[in-house]
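The values are calculated or read from the model by the stated rules, or taken from the named source; none is laboratory data. This is a predicted model, so every value here is computed, not measured. Cβ placement follows ideal geometry from the backbone for every residue including glycine, while neighbour counts extend to all protein chains displayed. With ligands, DNA and RNA removed, areas are computed over all heavy atoms of the protein, side chains included. Shrake-Rupley method; radii C 1.70, N 1.55, O 1.52, S 1.80 Å.
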Amino acid sequence: MTTGLPSNRFAPWRGTRCALGLLIALAAGSSGAAPPLRATPSLDPSIAQQCERVYTPTWRPAPGLVNAPVPADDRPPKGLPVFDAAHRTCVVRVTDHDAELHSGFARNEYSRRQAFNADDSRLIVVSQDGYWHLYAAADLRYLGKLNGPAGDAEPQWHPTDPAVLRYLPNNGIGMTLHEVNVETGQTQVIADLSQRVRAVWPTAHALWTRSEGSPSRDQRYWAFQVDDAKWGGLGLVSYDLKENRIVATYDFARNRKLRPDHVSMSPSGQYIVVSWLDAVTSFRADFSEPRVIQKKSEHSDLAIGADGDDVYVAIDYEARGGPLFSVNLRTGKRTDLLKTYIDGTATALHISGKAFARPGWVLVSTYADYGKAGQQWLHRKLFAMSLDPEPRILELAHHHSTYAEYFTEPQATVNRNLTRVLFSSNWGTRSKTDVDTFMVVVPDRAYSLAR
């Protein structure tokens, strides 16, 4: 959560024709002015194939740190790839919420959530009524509402089986872990922690991460927060799914700690990060070796560094320059990466570290910028950033979303190798709920060409 800029992580619903096209932008080479956004129909069955018409062998990313104005382009039709002229990238609208869901917005749920399955064949979005929906990632066909997860179910795709999605009951009530086969619709309970947790805290009612956490990369290790029926925080649990055992517990009252904003396991499963509002703290998986890694809880995510270590990546609004920074969870070393206060401006942002197959990179999506100097290079867009002391920047796209409260935040997320980026946008409107999901298709070689 962000304390210095507008944000409300907790959604009101919680607790509660595909026209394929050909992108005509083949002049997107390594130099010269980019053409305007244009598109014509195509019979190509795959969005990726269509985007390859842009990503020719001579393609190069747009130069970084360029303050390009957001063009006044109309919202593209679903399934019709278009060219982001400022960034030389291929963008396509994934959803048509009016035609497909009939229940308000269809949006990517959050930056810290992995929306793509293990082989990138499926992706999920959430609708305004709190249900989760399945799409084919290759051609963006709507495949239907998912059986099982609803509301704040914290869905996590199985790390290796592309047909399986794991999830919690809404808000973790009942203290069970479930999975659904998205191809057959069959569901099952894969873990029930209720009796074991109540043996520690008799009034325990819910077991969850409070929306923003994830298990380890292999989903063996999980970290949960335990609440009572009045949503009072009781403590924390680390859990080994493979051995079906509680590894350790942490009692809030005994340690004189309040209920945190959220809790998450690190990708390796070696660390737990607890985002207390007054002290983001990392622990070993048994809650030993506490280390404060940020004085205030802000938007952040956990990622894998280029050296394979777990890293915490966040923004520090209180430090000089408002830097994006990383902390190595093994060594505790902090590295300031990028200043966000430019010429007296500031911006809200989200971070996604879910590109586990591209260690050393994260995704940043910025919104709700302000300041007398106006728009700066990093505002109103999506960009990938390496975690080097002097980071490489790959600018990806404008998100075209005008900030109008929580649901209009882009909250962009990634697939595992950062070649697909999902973001939410009210593209071309100021509506709070006229929001669809969009995707940027990124060529793999872009990262070796980034500067």
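Share of carbon and sulfur in the accessible area of the chain stands at 50%, probe radius 1.4 Å. Enclosing the Cα atoms of region 273-334 in their convex hull gives a volume equal to 79 cubic angstrom per residue. Taken along its three principal axes, the alpha carbon spread of region 59-104 comes to 40, 21, 14 Å, from the longest extent down to the shortest. Relative contact order of region 104-242: 15 percent, from C-alpha pairs under 8 Å at least 6 residues apart in sequence. Mean residue ellipticity, 222 nm, helices only, the chain: the sum of -39500 (n - 2.57) across DSSP H runs of n ≥ 4, divided by residue count and rounded to 500, is -1000 deg cm²/dmol. Across all directions, the average flat footprint of the convex hull enclosing the Cα atoms of region 344-451 is 6.9 nm².
Normalised per residue, the accessible area of the chain is 38 Å², obtained with a 1.4 Å probe and no contribution from ligands, DNA or RNA. Rg then Dmax, both in Å and based on the Cα atoms of region 173-245: 12.8, 38. With a threshold of 29 Å on the Cα-Cα distance, the over-threshold entries among 295/339; 257/333; 257/381; 381/432; 295/381 are 257/381. The tail of the calculated P(r) for region 119-199, taken as Cα-Cα distances beyond 15 Å, holds 57 percent of the pairs. Over region 207-302, the pair-distance histogram of Cα-Cα distances with 5 Å bins from zero comes to 3, 15, 27, 28, 18, 7, 1 percent, rounded to whole numbers.
Look at where the Cα atoms of region 342-358 and of region 160-181 average out, and the two centres are 28 Å apart.
Quick one: grab the alpha carbon gyration tensor of region 273-416, order the square roots of its eigenvalues as a ≥ b ≥ c, and give me rounded if a/c is under 1.5, else prolate or oblate depending on whether a/b is larger than b/c. Note, shape of region 273-416 comes out prolate. Counting charges near residue 391 (Lys, Arg +1; Asp, Glu -1) among other residues having Cβ under 12 Å from its Cβ returns a value of 0. Here is the P(r) of region 320-380: all C-alpha pair distances, binned every 10 Å from 0, give 20, 45, 26, 8, 0 in whole percents.
Contact order, relative form, for region 254-353: 18 percent (alpha carbon pairs under 8 Å, 6 or more residues apart, mean separation divided by residue count). Rounded to two decimals, the Cα radius of gyration of the chain over 2.2 N^0.38 Å is 0.94.
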